[in-house]
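The values are calculated or read from the model by the stated rules, or taken from the named source; none is laboratory data. Computed from a predicted structure; not experimentally measured. Please note: Cβ atoms are built from the backbone with ideal geometry, for glycine as well, and neighbour counts cover all protein chains shown. Remember, those area values only see protein heavy atoms, side chains included, never the ligands or the DNA or RNA. Shrake-Rupley method; radii C 1.70, N 1.55, O 1.52, S 1.80 Å.
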Amino acid sequence: MLKAGDKAPDFKAADQNGNIVSLSGLLAEGKRVILYFYPKDNTPGCTAEACSLRDGYAELSKRGVVVVGVSADSVASHLKFREKHQLPFTLLADADHAIAEAYGTWGEKRFMGRTYMGMIRTTFVIGTDGVIGQVFEKVDTKRHFEQIVDGLGQ
């Protein structure tokens, strides 16, 4: 997995509307990027995390930060999830796990005695220079916005 100080890998993926989004394009806007990886749309933990970020979105925007969520769900699933929970930020479809693999967030997971490959919940704060400033591996889904703001300082 990538760590603070590493250069964030560029990516291109379709958002909830089918538009192609790239990290280089987001950085060209001169904003920091919160890139958060989550396992699945409309599951309790992922919904809590997304809603925490939604509720803090205005504050993050004031701080010059753009939020982007990534999961292996489809464009259509992301659109429904975004509309259902009124999420103001971009969700990227990473069906082939290319972004997750580049960031080290696709890996072995265990649940109820079963081992499988899946998305490891992780958030990266990427500076305007494309360098990772902070990594959250232990995400508090209900308080993720607060975790990020505490980490941003400012």
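Consider residue 112 against the criteria (1) out of contact with any strand residue (DSSP E or B) (no Cβ under 9 Å at 6 or more places or on another chain); (2) at pLDDT 95 or above: it satisfies all of them except one. Which criterion is unmet?
Among (1) out of contact with any strand residue (DSSP E or B) (no Cβ under 9 Å at 6 or more places or on another chain); (2) at pLDDT 95 or above, the lone unmet condition for residue 112 is (2).
Which is modelled with pLDDT under 95 and open to solvent by 60 Å² or more (accessible area, probe 1.4 Å), of 29, 83, 101?
On the way: 83 fails: modelled with pLDDT under 95; 101 fails: modelled with pLDDT under 95.
Selected residue: 29, the only one of 29, 83, 101 that is modelled with pLDDT under 95 and open to solvent by 60 Å² or more (accessible area, probe 1.4 Å).
List every residue pair whose Cβ atoms lie under 6 Å apart, where the two residues are 6 or more positions apart in sequence or sit on different chains, the first residue falls within region 73-87 and is under 13 Å from residue 50 (Cα atoms), and the second residue, located anywhere, is in a loop (DSSP other than H, G, I, E, B) and open to solvent by less than 30 Å² (accessible area, probe 1.4 Å).
The qualifying pairs are 78/16; 81/41; 82/16.
Just need a number here: residues in region 25-47 that are touching a strand residue (DSSP E or B) at 6+ places or on another chain (Cβ under 9 Å) and either outside any helix (DSSP H, G or I) or touching a residue at least 12 places away in the same chain (Cβ under 8 Å) (or both).
15
Out of all the residues in region 59-78, which are in a helix (DSSP H, G or I) and either open to solvent by less than 40 Å² (accessible area, probe 1.4 Å) or more than 20 Å from residue 26 (Cα to Cα) (or both)?
Let us first name the residues in region 59-78 that are in a helix (DSSP H, G or I), namely 59-62, 75-78.
Correct list: 60, 76, 77, 78.
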